[in-house]
1. Tabulate in residue order the Karplus-calculated ³J(HN,Hα) for the range 126-133, using 6.51 cos²θ - 1.76 cosθ + 1.60 with θ = phi - 60°, rounded to whole Hz; enter x for Gly and Pro.
2. Just to confirm the filter: which GluC sites (Glu not before Pro) across the range 101-189 are DSSP coil and have at most 14 other Cβ within 10 angstrom of their Cβ?
3. Output the antiparallel fraction of DSSP beta bridges having both residues in the chain, as a percent to the nearest 5.
4. Quick check: the distance between the Cα centres of the range 211-229 and the range 250-309, to the nearest angstrom?
5. Which of Met1, Thr167, Met227 sits farthest toward the positive end of the charge dipole of the chain, with +1 on the Cβ of Lys and Arg and -1 on the Cβ of Asp and Glu?
6. For the chain, with all protein chains present and a 1.4 Å probe, just round the carbon and sulfur fraction of the accessible area to a whole percent.
7. Applying 1/(1 + (r/R0)^6) with R0 = 35 Å to the Cβ-Cβ distance of Leu105 and Ile209, what FRET efficiency is obtained, to the nearest 0.05?
8. Counting DSSP beta bridges with both partners in the range 51-181, what percentage is antiparallel, nearest 5?
Amino acid sequence: MSVCLGLDTSNYTTSAAAYRPDGTGRNEGRLLTVPEGGMGLRQSDALFQHVKRLPDRIRALREAGWLEEPIIAVGASTRPRSVEGSYMPCFLAGESQGRSLAAALDVPFYGFSHQEGHLAAACWSAGRMELLDQPFLAWHLSGGTTELLLVEPQGRSVAAACIGGTTDLSAGQLIDRTGRLLELPFPAGKGLDALSQASDCQAFFRVKIGQDLRFSLSGMENQAKAMAQQGREPCDIARFTLLTVAETVRRVTNQAMGRYPGLPVLCSGGVASNSLLRAVMQDAVFAEPQYSTDNAMGIAILTNRQLNGD
């Protein structure tokens, strides 16, 4: 047996994953440290933490018994998305260490986008690997991205074209800002989800959706602030916000399916782990929550596909 090693150094998580040709894998990830009360990290600080922590994530894979077989290829996320000008310094940590490992082991190195990794990890976790070999619709919902994608096979990877999404705040940004308003720790996804469970509020803000399937979430942020000023219960504000995100995703998806009938719909990215979104989007394919958030598993899977052609 052999393994492919995948590395992902996103804006908030350091991850290393091992994937075997038999379809099994393991991810070892760790959130970066954000100062209390902070809403993120400067790229220089994120890069520094990744450089320090990535060897520990690889060591964790070895201690768990996942690097006992020969490493036959190394992959890393090298950019946020596969579009011109997509760049973020934090990905240099995974790419540079990945290239160094590949050179030392005399094995191939492959670079992919962080977005491609999310899609592959979601397909694998959901038991729907066949999606990588056919067209499908996919949401990438995270702290930095809220895009509806038309995904098609491209060699042994995928090509994702944005056909809709937010024009300003991402869903993750809205959730984190609402969490800060309610004094929840950053990132606020899990906290806001848990808080919303105490509310039976069924109201949501009806976001305007354009013919191009674009929409704005900044108005929802203003709604949350107004609710807080009115003294509304935090759990109601949390549920109102999350229902707004879920219903907006549902409505845009329905419109897109009218234009691309018959295509499966996949939800990926950290926001896709939200329980309300999963309840509203019952017919969509979801990854397990641990593989909805940033991880390196998809990179390891794509590395194996690139190397072995399967």
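1. 7, x, 10, 4, 5, 4, 5, 10
2. Working: sites: Glu116, Glu130, Glu147, Glu183; in loops: Glu183.
Sites meeting the loop and neighbour criteria: Glu183.
3. 60 percent
4. Taking the Cα centre of the range 250-309 as reference, the centre of the range 211-229 is 24 Å away.
5. Met227
6. 49 percent
7. Using R0 = 35 Å, I get an efficiency of 0.10.
8. Antiparallel bridges: around 75 percent, rounded to the nearest 5.
The values are calculated or read from the model by the stated rules, or taken from the named source; none is laboratory data. Small disclaimer: the values here were computed from a predicted structure and weren't measured. No Cβ is skipped: glycine too gets one built from the backbone with ideal geometry, and neighbour counts run over all protein chains shown. All accessible areas refer to the heavy atoms of the entire protein, side chains included, with ligands and DNA or RNA removed. Shrake-Rupley method; radii C 1.70, N 1.55, O 1.52, S 1.80 Å.
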